[in-house]
Amino acid sequence: LQTSFRTIKGRHGEKVDVPEDRKFIGFDGYKSVLESDAELVILATPPGFRPLHFEAAIKAGKNVFMEKPVTVDGPTSRKMFALGEESVKKNMKVGVGLMCRHCHARQEFSS
């Protein structure tokens, strides 16, 4: 991640503002993010971590945007649905990045 940060900083210079106290790296880095004053977290980690991170975000009162795939099997899908219901009870906002939402065929299929 440090290499990626240096590359982006090198290309975009002053547009990149990520001080050391806002860099969260490692398997437990998500905990530090959730302790911050951020109102929204983006879950873009591999889907195996998604239920753990989503549950922690809900407990921390954070709104969530997560990338697909959200889950890869039935048990974690059921857990994510339950967590989604919990987020609704807490009036939290949750979104998922589905790149096909603008697809005309998909819109016809779901209408």
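The values are calculated or read from the model by the stated rules, or taken from the named source; none is laboratory data. This one's a predicted model, so the numbers in the text were calculated from it and none came from an experiment. Cβ atoms come from the backbone with ideal geometry, glycine included; neighbour counts cover every protein chain shown.
Results, tabulated for the structure shown:
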{"read-out": "Qualifying position, being surrounded by 14 or more Cβ atoms within 10 Å (Cβ to Cβ), among the aromatic types (Phe, Trp, Tyr) and in contact with a Gly (Cβ under 8 Å, 6 or more places away or on another chain), among Phe24, Phe54, Phe65", "value": "Phe65"}
{"read-out": "Any hit, segment 64-76, residues being of a type in the set (D, E, K, R) and within 11 Å of the chain's Cα centre (by Cα)", "value": "yes"}
{"read-out": "Residue check, Thr76 surrounded by 12 or more Cβ atoms within 10 Å (Cβ to Cβ), without any contact (Cβ under 8 Å) to a residue 24 or more places away in the chain and either assigned by TED's automatic domain parsing to the domain that holds Leu1 or among the β-branched types (Val, Ile, Thr) (or both)", "value": "no"}
{"read-out": "Glu55 vs. criteria of a type outside the set (A, V, I, L, M, F, W, C), outside the structural domain of Ile25 (by TED's automatic domain parsing), part of a helix (DSSP H, G or I) and touching a residue at least 12 places away in the same chain (Cβ under 8 Å)", "value": "yes"}
{"read-out": "Among (1) among the hydroxyl-bearing types (Ser, Thr, Tyr); (2) in a helix (DSSP H, G or I); (3) surrounded by 12 or more Cβ atoms within 10 Å (Cβ to Cβ), the one test that Thr71 misses", "value": "(2)"}
{"read-out": "Some residue of segment 63-83 being within 15 Å of Leu1 (Cβ to Cβ) and β-branched (Val, Ile, Thr)", "value": "no"}
{"read-out": "Residue satisfying condition, being exposed (fewer than 14 other Cβ atoms within 10 Å of the Cβ) and not basic (Lys, Arg), within set Val88, Val96, Val33", "value": "Val88"}
{"read-out": "Pairs where the first residue, in segment 16-35, is within 23 Å of Phe49 (Cα to Cα) and the second is of a type in the set (S, T, N, Q) and surrounded by 13 or more Cβ atoms within 10 Å (Cβ to Cβ), C-beta under 6 Å, 6+ apart", "value": "Phe24/Ser32"}
{"read-out": "Every residue from segment 1-29 that is among the aromatic types (Phe, Trp, Tyr) and either more than 14 Å from Thr45 (Cα to Cα) or in the same structural domain as His53 (by TED's automatic domain parsing) (or both)", "value": "Phe5"}
{"read-out": "Check on Phe49, closer than 21 Å to Leu1 by Cα, outside the structural domain of Leu1 (by TED's automatic domain parsing), outside any loop (DSSP other than H, G, I, E, B) and of a type outside the set (A, V, I, L, M)", "value": "yes"}
